[in-house]
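Taking it in order: structure first as structure tokens, then the write-up.
The values are calculated or read from the model by the stated rules, or taken from the named source; none is laboratory data. The structure presented is a predicted model; accordingly, all values stated were derived computationally and were not measured. Note that each Cβ is placed from the backbone with ideal geometry, even for glycine, and that neighbours are counted across all protein chains shown.
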Amino acid sequence: MNNYSVESYIKDIRRVVKEEVTQKAVTDRIKPLAERLAGDKSWIKEEYYEVDIDQGFGLHLLHEENDHELAVFVIAWAPGKGLAPHNHKTWAVVAGIEGQEHETNYKRIDDGSKYGFANLKKTHEETLYPGKAVCCLPEDIHSVWNNGSELALSIHTYGKHLNYTGRSIFDIDAKTETPCVVRVQN
């Protein structure tokens, strides 16, 4: 069987986005492609394992269209580190490559009318292992945590680069919502 390259993956996701009308249909079709790419590993470079110590994870950009659409990242999560509840404001497909990521999903129970305030309720938890993928729609809220003892590596595909969506991060205890911008590795 031939290797499935990042270039082939990008070509395939471009085709899917052109062919599908709904974001759910887009993510449903990209999910098996992301699982296929995550299972190949022939394309992974050593630098994809680098972690930004201050963030607790390293974001490595593999592809981004000129208009910031269709962004593909490899994310390296340090053991015991993660990202608090956040949304994406775009569709997303995440596939595990190595290690494990604990995903916790939340539902917003306030109406979103009070600026900076958000009240969230936990709805579901699961651990993402190599070869498994999950999908998110723009308003879905989840947290990601490497609950393993080894570095976790995953491929993340978004309808738009995360720093251009206006997404938010949430503090459950303080019930706050603030802008979420992440640093991308060079």
- prompt: Is it fair to say Y4 is of a type in the set (F, W, Y) and closer than 20 Å to L162 by Cα?
  reply: no
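State whether one or more residues within the range 19-35 are part of a loop (DSSP other than H, G, I, E, B), crowded, with 17+ Cβ neighbours inside 10 Å, on the phi < 0 side of the Ramachandran plot and modelled with pLDDT of 95 or more. Don't jump to the end; show me each part of the working.
Here is the first cut: in the range 19-35, the ones part of a loop (DSSP other than H, G, I, E, B) are 20-22.
Narrowing the set further to residues that are crowded, with 17+ Cβ neighbours inside 10 Å leaves none.
No, every residue in the range 19-35 fails to be part of a loop (DSSP other than H, G, I, E, B), crowded, with 17+ Cβ neighbours inside 10 Å, on the phi < 0 side of the Ramachandran plot and modelled with pLDDT of 95 or more.
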message: Quick check on the range 116-163: of everything there that is assigned to a strand (DSSP E or B) and touching a Lys or Arg at 6+ places or on another chain (Cβ under 7 Å), which residue is farthest from K45 (Cα to Cα)?
response: F117
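Buried (at least 17 other Cβ atoms within 10 Å of the Cβ), at pLDDT 95 or above and more than 13 Å from the chain's Cα centre (by Cα) - does that describe any residue in the range 85-99? Please lay out each step first, then the result.
Step one: filter the range 85-99 for residues buried (at least 17 other Cβ atoms within 10 Å of the Cβ), giving 85-99.
From what's left, at pLDDT 95 or above: 85-99.
Next, from what is left, pick out any that are more than 13 Å from the chain's Cα centre (by Cα): 98-99.
Checked the range 85-99: at least one residue is buried (at least 17 other Cβ atoms within 10 Å of the Cβ), at pLDDT 95 or above and more than 13 Å from the chain's Cα centre (by Cα).
Would you mind stating whether A38 is at pLDDT 95 or above, out of contact with any helix residue (DSSP H, G or I) (no Cβ under 8 Å at 6 or more places or on another chain), surrounded by 13 or more Cβ atoms within 10 Å (Cβ to Cβ) and part of a helix (DSSP H, G or I)?
On the way: at pLDDT 95 or above: yes; out of contact with any helix residue (DSSP H, G or I) (no Cβ under 8 Å at 6 or more places or on another chain): yes; surrounded by 13 or more Cβ atoms within 10 Å (Cβ to Cβ): yes; part of a helix (DSSP H, G or I): yes.
When the stated conditions are applied, A38 passes them.
Any residue at all in the range 101-116 that is within 15 Å of the chain's Cα centre (by Cα), surrounded by fewer than 21 Cβ atoms within 10 Å (Cβ to Cβ) and among the charged types (D, E, K, R)?
Our first condition is that a residue be within 15 Å of the chain's Cα centre (by Cα); within the range 101-116, this holds for 101-105.
Next cut, surrounded by fewer than 21 Cβ atoms within 10 Å (Cβ to Cβ) only: 102-105.
So of that shortlist, the ones also among the charged types (D, E, K, R) come out as 103.
Checked the range 101-116: at least one residue is within 15 Å of the chain's Cα centre (by Cα), surrounded by fewer than 21 Cβ atoms within 10 Å (Cβ to Cβ) and among the charged types (D, E, K, R).
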- request: Report whether or not K132 is surrounded by fewer than 21 Cβ atoms within 10 Å (Cβ to Cβ), farther than 23 Å from L62 by Cα and basic (K, R).
  value: no
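Would you kindly identify the strands (runs of 3 or more DSSP E) lying entirely within the range 58-111 that contain at least 1 residues that are out of contact with any Gly (no Cβ under 8 Å at 6 or more places or on another chain), farther than 16 Å from V184 by Cβ and charged (D, E, K, R)?
Details: elements: 69-77, 82-86, 92-98, 101-108.
Those strands (runs of 3 or more DSSP E) span 92-98, 101-108.
Only one residue in S149, S143 is over 19 Å from V6 (Cα atoms), of a type in the set (S, T, Y) and within 14 Å of the chain's Cα centre (by Cα), so which one is that?
Details: S149 fails: within 14 Å of the chain's Cα centre (by Cα).
Within the list S149, S143, the selection yields S143.
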- prompt: Has the range 127-134 got any residue that is of a type in the set (A, V, I, L, M, F, W, C), touching a helix residue (DSSP H, G or I) at 6+ places or on another chain (Cβ under 6 Å) and touching a residue at least 24 places away in the same chain (Cβ under 8 Å)?
  reply: yes
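Of all the residues that make up the range 106-140, how many are among the hydrophobic types (A, V, I, L, M, F, W, C) and farther than 17 Å from H156 by Cβ? Even if it seems obvious, please write down each step before you answer.
Start the filter on the range 106-140 by keeping residues that are among the hydrophobic types (A, V, I, L, M, F, W, C), which leaves 109, 117-118, 120, 128, 133-137.
Adding the requirement that they be farther than 17 Å from H156 by Cβ leaves 109, 117-118, 120.
Adding up the residues that qualify gives 4.
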